[in-house]
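Chemist: Quick one: the structure is below, and I'll ask about it shortly.
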Amino acid sequence: MDSEEAYRRIFEKKSFSSFLRDPSSFLPYMTENGMGNDEVSAVGSLISASKDLFIDSISNQDSVKAQRSLVSLSESSGMGYKEACRIVSDIRAAIGLSPVSIMGTGQSSIEPVMKYVSLGDETLEQNGILFKESSFYRGSLSVVGYTGRSSQLDVPASINHEGNWLKVMEIGKGALTENPYVRTVNLPQTVLTIDDEAFMWGQVESISMPGIKRIGSCAFMSCPLRSIDLIGVNFVLYNTFSNCDRLRSIVIPEGVRMIREGAFMGCTALESVSFPSTLTVLEGSSFAECTSLRSVKLPDSLLVVGFDTFRDCSRLSSVTFGNSTRDIEAGAFEGCSLLRSVVIPESVTKIEDGAFPRSTKIIREGEAPKKTGFFKKLIGNRIRNRTNSAVLLYLG
């Protein structure tokens, strides 16, 4: 049995959405399906190197972008690109996606390592901002704290240390957690990462971040953000904006492939969300308890609507699915009491129990809505109470 066939059998036993949520859980299934220790070990190495890159290289429907993730993944894991490409292409083929192409001779994404000055454990300070050497971006600085009391934080692009200019490229983990003073943040183009919990439980209302590529888990949790520009961001991670109860609208930029668990959960003022054509996965509870959200249009690229994704969005009355959705998991729309009917595209192969409220009418694409007893009952209600006309118009 070849690898592609083995992966196909695995996905028959365990859903693709489960694989995306926890790819390492599939390693035992590989052994059970006769795959050798070398293959299992190789897949384990890719997952350990970067779960996000591994998932994106498999699930991204744009094979060119999947290749970029795979290049970075092969470098991080120390595995040769050709072998990594074979593994990822076999998995993609098993789920019906095109393989990732082998790079031509001379292609490489490896950038030269720059020379740098090591600070060791030394902390630098400028205008109350504390800096340390970044553990992620070699030869650069990370903001690790702020001792000032200004309501506006202007982060410099570089710091002069003993005649050497060091770029500032990161806001470190927990750098301004629970800071009671800073309300406005201006980041330079050089800052590429906002790490986990960076502004969590703070008072940040607005932030300019023109160079940001990655925002970590819980980075803005419970902040009173009024707006956020995510252009350039590739992943929205766990609980990044959860409980930001002043956000009214979100535009997820092109390039974002995954929105992680709880990313916008509890954003009670959120009225509209625009999704990119690159999105493949909405993880569990990513928009749960967004009680002002009224309608959702999901992109054609989306493969999985995760568990509890839109749970308790009590005003949600309209959902439009894209034409590639495969799985709708348990609780995805639980508590959406105004969601009277949904049209499910032909691509959907799995709708878990409890995905929709019992009152929601599920219509398969291509099927004409039937005037059921439930519909006739509503007609009767319409005659007795003309205030229900909006609901009937929606159902009709």
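Chemist: Only residues in region 312-334 that are under 19 Å from Phe264 (Cα atoms) count as the first member; pair them with residues that are β-branched (Val, Ile, Thr) and in a strand (DSSP E or B), Cβ under 6 angstrom, at least 6 apart or cross-chain, and list the lot.
Modeler: Val319/Val296; Val319/Val342; Ile328/Val305; Ile328/Ile351; Ala332/Val305
Chemist: Which one is modelled with the lowest pLDDT, of the residues in region 1-25 that are within 25 Å of the chain's Cα centre (by Cα) and small (Gly, Ala, Ser)?
Modeler: Ser17
Chemist: Of Leu270, Leu293, which residue is closer than 21 Å to Arg358 by Cα and free of Cβ contacts under 8 Å to residues at least 24 places away in the same chain?
Modeler: Working: Leu270 fails: closer than 21 Å to Arg358 by Cα.
After ruling out the rest, the residue left standing is Leu293.
Chemist: Output the residues belonging to region 213-233 that are modelled with pLDDT under 95 and outside any strand (DSSP E or B).
Modeler: Let us first name the residues in region 213-233 that are modelled with pLDDT under 95, namely 213-217, 226-233.
Result: Lys213, Gly216, Ser217, Arg226, Ser227, Ile228, Asp229, Leu230, Ile231, Gly232, Val233.
Chemist: To continue, here is another question. Consider Asn160 against the criteria (1) under 17 Å from Ile228 (Cα atoms); (2) surrounded by fewer than 17 Cβ atoms within 10 Å (Cβ to Cβ): it satisfies all of them except one. Which criterion is unmet?
Modeler: (1)
Chemist: So which of Arg226, Arg214, Arg138, Arg183 ends up being more than 30 Å from Leu270 (Cβ to Cβ) and of a type in the set (D, E, K, R)? Before the answer, list the steps.
Modeler: On the way: Arg226 fails: more than 30 Å from Leu270 (Cβ to Cβ); Arg214 fails: more than 30 Å from Leu270 (Cβ to Cβ); Arg183 fails: more than 30 Å from Leu270 (Cβ to Cβ).
One residue alone meets the criteria, Arg138.
Chemist: For region 47-73, which residues satisfy the criterion of being within 14 Å of the chain's Cα centre (by Cα) and of a type in the set (Val, Ile, Thr)?
Modeler: Matches in region 47-73: Ile55 only.
Chemist: OK, next. Can you tell me which residues in region 300-310 are surrounded by 20 or more Cβ atoms within 10 Å (Cβ to Cβ) and either more than 17 Å from the chain's Cα centre (by Cα) or part of a loop (DSSP other than H, G, I, E, B) (or both)?
Modeler: Filtering region 300-310 for residues surrounded by 20 or more Cβ atoms within 10 Å (Cβ to Cβ) gives 301-310.
Passing the criteria: Ser301, Leu302, Leu303, Gly306, Phe307, Asp308, Thr309, Phe310.
Chemist: Consider region 75-107. How many of its residues are without any contact (Cβ under 8 Å) to a residue 12 or more places away in the chain and open to solvent by less than 70 Å² (accessible area, probe 1.4 Å)?
Modeler: 4
Chemist: Tally the residues that are open to solvent by less than 10 Å² (accessible area, probe 1.4 Å) and not in a helix (DSSP H, G or I), restricting the search to region 49-71.
Modeler: 1
Chemist: Looking at (1) of a type in the set (A, V, I, L, M, F, W, C); (2) out of contact with any Cys (no Cβ under 8 Å at 6 or more places or on another chain); (3) open to solvent by 50 Å² or more (accessible area, probe 1.4 Å); (4) more than 20 Å from Gly139 (Cβ to Cβ), which is the one condition that is false for Trp201?
Modeler: (2)
Chemist: Applying the selection to region 234-292, what residues are open to solvent by less than 50 Å² (accessible area, probe 1.4 Å), out of contact with any Leu (no Cβ under 8 Å at 6 or more places or on another chain) and not in a loop (DSSP other than H, G, I, E, B)?
Modeler: Phe235
Chemist: Name the single residue, out of those in region 318-332 being in contact with a strand residue (DSSP E or B) (Cβ under 7 Å, 6 or more places away or on another chain) and assigned to a loop (DSSP other than H, G, I, E, B), that is most open to solvent (accessible area, probe 1.4 Å).
Modeler: Arg326
Chemist: I'd like the full set of residues that are open to solvent by less than 40 Å² (accessible area, probe 1.4 Å) and of a type in the set (D, E, K, R), limited to region 22-48.
Modeler: Glu39
The values are calculated or read from the model by the stated rules, or taken from the named source; none is laboratory data. Everything numeric in this text was worked out from a predicted model, so none of it was measured. Using ideal geometry, Cβ is built from the backbone for each residue, glycine included, and neighbour counts are taken over all protein chains shown. Note: areas computed on protein heavy atoms with side chains; ligands, DNA, RNA excluded. Shrake-Rupley method; radii C 1.70, N 1.55, O 1.52, S 1.80 Å.
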